[in-house]
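The values are calculated or read from the model by the stated rules, or taken from the named source; none is laboratory data. Remember, it's a predicted structure, so these values are computed and weren't measured experimentally. Every residue, glycine among them, receives a Cβ derived from its backbone with ideal geometry; neighbour counts consider all protein chains shown. Side chains are part of the model used for accessible areas, which takes the heavy atoms of the whole protein and leaves out ligands, DNA and RNA. Shrake-Rupley method; radii C 1.70, N 1.55, O 1.52, S 1.80 Å.
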Amino acid sequence: MRRIYIEFALSLAFLVAVSSSATATADDKNKEQPATIEDDAEPADAEPPDETATDDSDVDQPAARTADTQAPPPAEQGDGAGKTRAASVGFLHQPIPTTRAGRSIVISGKMNRKWMIKRVRLACRWGSDGEWKEIPFRRSSTGNAVATIPVEFVESPGVDYYVYLAPEEDGGEPQELFAARDDPYRVIVHGFSSKTRYGSRLAEWDGRLSRIDLNYGYSNFGKNLELTGDPAPQPGDPEPTRKTDRGNVYHEVNIAYTYRFLTYLYAMRVEIAALANDFADFKPFTASKDEEIGPGMYAISPSLEFEFAKYFGMSLLARLGISEEYFEGGGGMSVRVGRIKSTRLDVGFEGMTHAGWRLFLRFEWDTVPHLPMAFNIERTQWYAAESYAVEDWGSRLYYEIRALLPAGIGLRMHAGFAARDQAVEGGLVIGGGAWVDF
């Protein structure tokens, strides 16, 4: 029994000795291990960060711009601590590939040396040969470095930019952090801003916003057969029908003023017109002396032209007049496909209370320099009405050519053919005019 107690005591003493040795060894290792320094710790002599927060929520910001696009350059060996810190500055951001014209672009990135944000610059220019503009970065409320490319630089075809660290002393070399002056990053810009669009349209008209034009037109729809007697005459009776051009001939003179706004409301035009059957004295109202009433009317016609896109627009027209019959009122509209001053197709209609309806299609092209041409097709009652012509509906087809002269002066001439339905003879369509832009 005594032997058992002795063995138990020796075993306990051995365990205590082993435990004490392990504890002493662990303490020695902890004393030899150096303290850990965090990677983001700033050096003691670093410039304190600017605590001013800047809110950039009022700027149109592209979607993504925070990912890593360029790793910070490796630290270079230098004689001074300032040079070593500058060499290790990194700027991380995700550039956007495209944007729309007329919107500013926010460049936002992360820096590993936030106290040096005041020395970081963004240089930008419009296109490939514009002048460079330098923009300083500022610290946002999230701690990022933020700079805004002004809206006047964001125009088609694109805007170039690069980011660099300004030298601490005059005469020093700037350090490029993203892209380079000789190899900038290009953001492709789609569309045109309102300012650029207006300037482009103004250049098309050589800076001239107004036009005055004077036009004359003659339309002859030929002759129709008119019933004059018994539709079943007896032998020896006169012919029951005769040829007549009643309501088929008229002259038209108009003068108009146009002003171009060159916005979505592209232009406004006001036309004053007179239409008469007898051109000798050009009195529209001839019923007091003529056995047959000929068409006659005075009218004023304001119209608006819109351009919703480069190749699409429309026009709205109103007509107010007075004729031999009574007050005339009406209007119309047309749709344009194509450029205003180039190849285009116009389809539209107009109508008046007594003068009737007019449906038209006009195709215009400018393949010959300074000589734009057009072809017009009309299905029309103009100016027939039931009390004037034997047949109210008819057709007009005519070709038009214009000459663009210097100083905004232009001439036009048209010629073609017209006929009322069931006509036995056709007639001539001819006319011309002149205008001056100023």
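This table checks each residue for (1) of a type in the set (A, V, I, L, M, F, W, C); (2) modelled with pLDDT of 90 or more; (3) within 25 Å of GLU173 (Cα to Cα); (4) in a helix (DSSP H, G or I).
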{"site": "SER108", "(1), (2), (3), (4)": "no, yes, yes, no"}
{"site": "MET116", "(1), (2), (3), (4)": "yes, no, yes, yes"}
{"site": "ARG121", "(1), (2), (3), (4)": "no, yes, yes, no"}
{"site": "CYS124", "(1), (2), (3), (4)": "yes, yes, yes, no"}
{"site": "GLY130", "(1), (2), (3), (4)": "no, no, yes, no"}
{"site": "GLU134", "(1), (2), (3), (4)": "no, yes, yes, no"}
{"site": "ARG139", "(1), (2), (3), (4)": "no, yes, yes, no"}
{"site": "ASP160", "(1), (2), (3), (4)": "no, yes, yes, no"}
Check: Can you name the residue in the range 81-98 that is assigned to a strand (DSSP E or B) and open to solvent by 20 Å² or more (accessible area, probe 1.4 Å) and, of all such residues, is modelled with the highest pLDDT?
Finding: THR98
Notebook entry, point to check: Filtering the range 179-197 down to residues that are basic (Lys, Arg) and at pLDDT below 90, which residue is least open to solvent (accessible area, probe 1.4 Å)?
Noted result: ARG197
Note to self: Quick check on my filter: what residues within the range 162-181 are of a type in the set (A, V, I, L, M, F, W, C), within 19 Å of PRO95 (Cα to Cα) and in a loop (DSSP other than H, G, I, E, B)?
What the structure shows: ALA179, ALA180
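Could you please find all residues in the range 304-326 being closer than 26 Å to GLY247 by Cβ and of a type in the set (Gly, Ala, Ser)?
ALA318, GLY321, SER323
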Note to self: I'd like to check something: does the range 357-375 contain any residue that is at pLDDT below 95 and within 24 Å of GLY296 (Cα to Cα)?
What the structure shows: yes
Checklist line | Filter result (among the acidic types (Asp, Glu) and closer than 17 Å to ASN220 by Cβ) within the range 406-438 | finding: ASP421, GLU425
Check: Can you name the residue in the range 156-177 that is under 32 Å from the mean Cα position of the chain (by Cα) and touching a residue at least 40 places away in the same chain (Cβ under 8 Å) and is also farthest from VAL120 (Cα to Cα) among such residues?
Finding: SER156
Check: Being over 30 Å from LEU265 (Cβ atoms), open to solvent by less than 20 Å² (accessible area, probe 1.4 Å) and among the aromatic types (Phe, Trp, Tyr), is that true of even one residue in the range 104-123?
Finding: no
Check: Restricting the search to the range 382-399, which residues are open to solvent by 20 Å² or more (accessible area, probe 1.4 Å) and part of a strand (DSSP E or B)?
Finding: SER395, ARG396, LEU397, TYR398, TYR399
Check: Going through the range 124-142 one residue at a time, which ones are exposed (fewer than 14 other Cβ atoms within 10 Å of the Cβ) and either of a type in the set (D, E, K, R) or farther than 19 Å from GLN94 by Cβ (or both)?
Finding: SER128, ASP129, GLY130, GLU131, TRP132, GLU134, PRO136, SER141
Check: Could we say that GLY199 is in contact with a His (Cβ under 9 Å, 6 or more places away or on another chain) and under 30 Å from LEU404 (Cβ atoms) here?
Finding: no
Item checked: Residues being surrounded by fewer than 14 Cβ atoms within 10 Å (Cβ to Cβ), modelled with pLDDT under 90 and not in a loop (DSSP other than H, G, I, E, B) - total across the range 202-228 -> 1
Margin query: Out of everything in the range 166-178 that is small (Gly, Ala, Ser) and out of contact with any helix residue (DSSP H, G or I) (no Cβ under 7 Å at 6 or more places or on another chain), what residue ends up being modelled with the highest pLDDT?
Written below: GLY172
Check: What pairs come up if the first residue lies in the range 114-142 and is closer than 24 Å to ARG100 by Cα, the second is surrounded by fewer than 13 Cβ atoms within 10 Å (Cβ to Cβ) and among the aromatic types (Phe, Trp, Tyr), and their beta carbons are under 9 Å apart, counting only those six or more places apart or on different chains?
Finding: ALA123/TRP132; CYS124/TRP132; ARG125/TRP132
Notebook entry, point to check: Among ALA418, ALA423, which is the only one that is closer than 23 Å to SER334 by Cβ and either of a type in the set (A, V, I, L, M, F, W, C) or touching a Cys at 6+ places or on another chain (Cβ under 7 Å) (or both)?
Noted result: ALA418
Notebook entry, point to check: If we scan the range 143-153, do we find a residue that is open to solvent by 10 Å² or more (accessible area, probe 1.4 Å), closer than 26 Å to GLY199 by Cβ and in a loop (DSSP other than H, G, I, E, B)?
Noted result: yes
Check: So how many residues does the range 409-425 have that are in a loop (DSSP other than H, G, I, E, B) and touching a Lys or Arg at 6+ places or on another chain (Cβ under 9 Å)?
Finding: 2
Checklist line | Residue that is over 30 Å from ASP206 (Cβ atoms), open to solvent by 20 Å² or more (accessible area, probe 1.4 Å), charged (D, E, K, R) and under 43 Å from the mean Cα position of the chain (by Cα), where the choices are ARG402, ARG412, ARG379 | finding: ARG379
